[in-house]
1. Quick one: ALA82 ticks every box in (1) among the hydrophobic types (A, V, I, L, M, F, W, C); (2) farther than 27 Å from PHE129 by Cα; (3) in contact with a Lys or Arg (Cβ under 9 Å, 6 or more places away or on another chain) except a single one, so which number is it?
2. What is the one condition in (1) free of Cβ contacts under 8 Å to residues at least 40 places away in the same chain; (2) surrounded by fewer than 16 Cβ atoms within 10 Å (Cβ to Cβ) that GLU111 does not satisfy?
3. I'd like to check something: does segment 86-98 contain any residue that is over 23 Å from ILE242 (Cβ atoms), modelled with pLDDT of 95 or more and among the β-branched types (Val, Ile, Thr)?
4. So which residues in segment 177-215 are in contact with a Phe, Trp or Tyr (Cβ under 6 Å, 6 or more places away or on another chain) and among the polar types (S, T, N, Q)?
5. State which residue is modelled with the lowest pLDDT when the search covers only segment 140-174 and only residues that are aliphatic (A, V, I, L, M) and in a loop (DSSP other than H, G, I, E, B).
6. Residue check: is ASN215 assigned to a strand (DSSP E or B), at pLDDT 85 or above and surrounded by fewer than 11 Cβ atoms within 10 Å (Cβ to Cβ)?
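The values are calculated or read from the model by the stated rules, or taken from the named source; none is laboratory data. Because the structure is predicted, anything quoted here is derived from the model rather than measured. Please note: Cβ atoms are built from the backbone with ideal geometry, for glycine as well, and neighbour counts cover all protein chains shown.
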Amino acid sequence: MNGRPHYLIPLIFLFLCTFSEARDREKINRYDNAARPVFVAKGQWMAGGHASFSGHDNDNYTFAIVKNINSRGFHVSVFPEACYFISNNLGVGVKLGYGRMMLDARSANAEIGSLSLSIKDYYSVSQDFTMAAFMRYYIPVGDSRRVAFHVDGGVLGTVGEARNSDGHTGAEVGSWEKNHSLGLALTPGLTVKMSPRSVLFASVGMAGLQYGRKNQTHNQVTNGSSNSFAISYMLDLTSLSIGVDIILGKR
């Protein structure tokens, strides 16, 4: 009987080692990205983007305190993108963007008590180009391989120009602007796979940091400039975008 404890001690030690190893494996699987469902696999490409268009044509229209609105205009933007996945669910990519806006306000009147304001023959046209480098990470919802949250984070730069005039005078009358901006942006969203190769996404601006500068020339005579700096941390529903991406490469 005095020899039995010598046989039990190795068995107890072996049991404790096996139990500890099992717990370590469970912790590793819990936090290892490889254990999560693969929404987009390493080595695949994703290409797509989003576009938008809006226009209006007002004929003697009244909106709140603004009356006799006679105007027309449009805004169009295109943002193609490409992304390469350096690991499962994690990719790096580039976005390009172009936007153009036109507003031709022939007349509009606003009255606030004894104060009255009027606009006549105001014409504005602008365009801008954007380039962004970003990193995207997908977080599958539960064990799903079809629905995932995504987060984009990156740096972007924009250059553009604008012209504001009365719409009837020569090219020497009016204000011309050139603008430059550089910023950081964090954009979360939701992605749904419509098929193994195509996804539908919706994203909205959440946080950002931006520095911008405008240089203005008025009537080809006087010059002016403006600098701006902004930090935002909120869900900006006005920046909501919906688009489609196509997954390329081996599955």
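1. (2)
2. (1)
3. Yes, some residue in segment 86-98 is over 23 Å from ILE242 (Cβ atoms), modelled with pLDDT of 95 or more and among the β-branched types (Val, Ile, Thr).
4. THR191
5. Checked segment 140-174; the qualifying residue modelled with the lowest pLDDT is ALA171.
6. Spelling it out, it is not the case that ASN215 is assigned to a strand (DSSP E or B), at pLDDT 85 or above and surrounded by fewer than 11 Cβ atoms within 10 Å (Cβ to Cβ).
Residues checked against (1) surrounded by 14 or more Cβ atoms within 10 Å (Cβ to Cβ); (2) closer than 30 Å to TYR137 by Cβ; (3) not aromatic (Phe, Trp, Tyr):
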| site | (1), (2), (3) |
| --- | --- |
| GLY55 | no, no, yes |
| ASN58 | yes, no, yes |
| THR62 | no, no, yes |
| ASN70 | yes, no, yes |
| PRO80 | yes, yes, yes |
| ASN89 | yes, yes, yes |
| LEU96 | yes, yes, yes |
| LEU103 | yes, no, yes |
